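The values are calculated or read from the model by the stated rules, or taken from the named source; none is laboratory data. If you're wondering where the values come from, they're calculated on a predicted model, not measured in any experiment. Backbone-built Cβ (ideal geometry, glycine too); neighbour counts: all protein chains shown. To get the accessible areas, we keep the full protein, side chains included, count just its heavy atoms, and leave off ligands, DNA and RNA. Shrake-Rupley method; radii C 1.70, N 1.55, O 1.52, S 1.80 Å.
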Amino acid sequence: MYDDLEQTLIRELDDVASNLVIPERPTFPVAERRSRRLAVPAMAAAAAAVVVLILVVTFLTSGDPDRVEPAPSPGPTPTSPTPTAPTPTDSTPPTEATDPAAGGPISTAMPVDPVLVGLDLFVGGEQVPGEWYNADGRGTHWIGRRADETWWWGYDAEPQRLEGVMQQPPVISPSGGYLARIVDEGNGLMLVGADTEEGGEGFGGVDLSDITSDPPVRVEAVTDDGLVVARGSSMLWWWRPLVDGQTDDLQETAPGQVVIGSTDAGLIVNEGELDETDGTQGAPYLARLSPDGTLTRVADLPTHDVLEAGAEWLAYVPPGTVGGEASAATELQVQRLDGSGAGVLTPPDGWGFIVLGFWWESDDRLVARVVTENGESGLVRCRPDPAECVLIDLP
């Protein structure tokens, strides 16, 4: 009986197979081809299984009239869907990072201060027209050098040309209120200055045509009080344009002290004789300059290549970091002005600090320019304690 059944099934299946018409296989896009190759054999196998099942059932039931078919298997019992717990959402605002309990959130918003991102200059969060190589300032008051080597200034995002030939870059005060520069007038050099308010009222000038210096005389610092320090190979003057317009020799009022720059917390001063060290050697410290030429020490400083001091903290790159082809650093050293709280700031993975591109935005927030190995530019905002840096959202 079973042999007859097997032979009958074989004959029936052969008849079915011989009558099947197989259409030509269509061409599908590559993305769909894999799923369709899997689906076609599955459909053919299912169809063959159905045919076999029908033949077996028909043959068995027709051969045995007393056979009773079993009751169909009950289907699956309907169940209520299990409620899915809602996905937790991050309640932290998109411009904040970190836990406020761990030192306060770090904003990722664009800074108001002038800042370069690649060749783009932003002032007050607005882009300044043109391509830029350098920029400095605070708030919306700034100076900058365009890609065509011209220098500009502004009190908003509208650039204004600094006229005259300059052999050295202009300098702006830490708060952005004043600027000073050396202008070559053809028959000699002139030290000039101005405020950075609307209109840019000038300070007048100081004739430097009798000064011989190699390297040329340059402005080293402008204080937030409007005092200007200029240095040459054999001279170190301070100018009081807002007091009496006079200049005096700092080598007489502060012998053995050489001003080499300025920060929010004061002037950077090196101990040493100008003719011996040119102001690049000796123990550095922060100082305040009074109109009578007195330098008052504020805090000792670590030796450094580049340093920025704020109201509470300072950040710096150690000696030997800048020079040659080195223009980026993997970390910044930080400490409080009193020397405590020493630590290290590191940028997010894949980024390096541009060593001439960081400043204290507030008492405990530092903004720094960063770059990747392939030249992508960015910005980070950091806090020193606990040390952390986050990428700033760029326009």
Item to complete: Inspect the range 344-359 for any residue being in a strand (DSSP E or B), open to solvent by 40 Å² or more (accessible area, probe 1.4 Å) and not hydrophobic (A, V, I, L, M, F, W, C) and give the result as yes or no.
Response: no
Discussion item. Yes or no: the range 282-301 includes at least one residue that is at pLDDT 95 or above, within 27 Å of the chain's Cα centre (by Cα), part of a loop (DSSP other than H, G, I, E, B) and hydrophobic (A, V, I, L, M, F, W, C).
Written reply: yes
Worksheet item: Taking the stated definitions as given, is Q127 farther than 28 Å from R288 by Cβ and touching a residue at least 60 places away in the same chain (Cβ under 8 Å)?
Response: yes
Practice prompt. Output yes when any residue across the range 184-194 is among the small types (G, A, S) and modelled with pLDDT under 95, and no when none is.
Written response: yes
Worksheet, complete the sentence: All conditions in (1) out of contact with any strand residue (DSSP E or B) (no Cβ under 9 Å at 6 or more places or on another chain); (2) of a type outside the set (D, E, K, R); (3) part of a strand (DSSP E or B) are true of P105 except (3)
Fill in: Residue that is surrounded by the fewest Cβ atoms within 10 Å (Cβ to Cβ), among those in the range 212-227 that are touching a residue at least 24 places away in the same chain (Cβ under 8 Å) and touching a Ser or Thr at 6+ places or on another chain (Cβ under 7 Å)
D224
Item to complete: Among the residues of the range 309-323, write down those that are open to solvent by 10 Å² or more (accessible area, probe 1.4 Å), closer than 18 Å to G282 by Cα and either at pLDDT 95 or above or part of a strand (DSSP E or B) (or both).
Response: Y316
Discussion item. If the requirement is being more than 23 Å from E308 (Cβ to Cβ) and out of contact with any Asp or Glu (no Cβ under 7 Å at 6 or more places or on another chain), which of these qualifies: R240, R181, R218?
Written reply: R240
Worksheet item: For A180, which of the numbered conditions (1) touching a residue at least 40 places away in the same chain (Cβ under 8 Å); (2) farther than 24 Å from A254 by Cβ fails to hold?
Response: (2)
Response to the item:
Those residues of the range 178-193 that are buried (at least 20 other Cβ atoms within 10 Å of the Cβ) and either basic (K, R) or in a loop (DSSP other than H, G, I, E, B) (or both) come to a total of 1
Discussion item. Here's a check for you: in the range 324-337, which residue that is assigned to a loop (DSSP other than H, G, I, E, B) and touching a strand residue (DSSP E or B) at 6+ places or on another chain (Cβ under 7 Å) is most open to solvent (accessible area, probe 1.4 Å)?
Written reply: T330
Item to complete: Hey, can you tell me all the residues within the range 233-245 that are over 21 Å from P216 (Cα atoms) and either assigned to a helix (DSSP H, G or I) or over 39 Å from the mean Cα position of the chain (by Cα) (or both)?
Response: V243, D244, G245
Worksheet, complete the sentence: Scanning the range 360-386 for residues that are assigned to a strand (DSSP E or B) and polar (S, T, N, Q) gives S362, S377
Worksheet entry | Residues of the range 196-209 that turn out to be open to solvent by 30 Å² or more (accessible area, probe 1.4 Å) and either free of Cβ contacts under 8 Å to residues at least 12 places away in the same chain or part of a strand (DSSP E or B) (or both), as a count | 7
